[in-house]
Amino acid sequence: MSKITTSVEALTLLDEQFKSSISEILTPAPRLTIAEWAESYRFLPSKAAIAGRFSLSMTPYMRYVYDVISNPYVREVVLMMPSQVGKSEVVLNTIGFHVDLNPCEMLLVQPKIDAAEKFSKERVEPMFYNCPTLYPLYNRDDPMN
């Protein structure tokens, strides 16, 4: 960055930064479904069975579930499915989507406190660390988080 030598240069730079900040603030969030958000922004941690960018290619049957959950007129979704078919990823992607693009109140209930703590530490926290749009929103050192 060059050295500012006059007050006119300082005011010009300040004006440019102000316009850039206002433009960034006023830019609307992209209109995405939860599945589109996950495939665009979600990265699975290195400990995951398939690390890297999230993709529905392994579980294309879950796209319908994501579409139903993304529908603003749907109030309740009940899944009756076998284990290990992607339900936890649906929960995680729904949380990530809403934290990133559509902040709202959320409550995730687990059968026991130990299970809740384990899911939070092993699944939710790594999602925030591995997602470029969520990481800036998650500050572990902040006592308010």
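The values are calculated or read from the model by the stated rules, or taken from the named source; none is laboratory data. On a predicted model such as this, the values are computed, not experimentally measured, just so you know. As a convention, Cβ positions derive from the backbone with ideal geometry for all residues, glycine included, and neighbour counts pool all protein chains shown. We work out accessible area using only protein heavy atoms, side chains counted, and drop any ligands, DNA or RNA first. Shrake-Rupley method; radii C 1.70, N 1.55, O 1.52, S 1.80 Å.
At-a-glance table
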{"read-out": "In region 49-120, the chymotrypsin sites (Phe, Trp or Tyr not before Pro) that fall in loop regions by DSSP, at most 10 other Cβ within 10 Å", "value": "Y73"}
{"read-out": "Exposed-loop-free span, longest in the chain, where GluC sites (Glu not before Pro) count as exposed if DSSP calls them loop and at most 13 other C-beta atoms lie within 10 Å", "value": "1-75"}
{"read-out": "Label-to-label distance, nm, for residues given as A48 and V77 (7 Å Cα→Cβ offset)", "value": "1.7"}
{"read-out": "Solvent exposure of the chain as accessible area per residue, Å², 1.4 Å probe", "value": "76"}
{"read-out": "Rounded FRET efficiency, nearest 0.05, which uses the C-beta distance separating A115 from S55 and R0 of 30 Å", "value": "0.65"}
{"read-out": "Solvent accessible area, Å² - I25, 1.4 Å probe, full protein context", "value": "130"}
{"read-out": "Mean separation of Cα contacts under 8 Å, 6 or more apart, over the residue count of region 1-73: relative contact order %", "value": "23"}
{"read-out": "Portion, in percent, of the accessible area of region 55-145 that falls on carbon or sulfur, probe 1.4 Å", "value": "56"}
{"read-out": "Distance between modelled label sites at E24 and T5, nm, 7 Å Cα→Cβ extension", "value": "2.9"}
{"read-out": "Sequence-separation-based contact order of the chain, relative, with Cα cut under 8 Å and 6+ spacing, percent", "value": "24"}
{"read-out": "Summed side-chain charge close to S55 - residues other than S55 whose Cβ falls under 14 Å, Lys, Arg +1, Asp, Glu -1", "value": "0"}
{"read-out": "Count, lysine Cα pairs under 20 Å in the chain, 8 or more residues apart or across chains", "value": "7"}
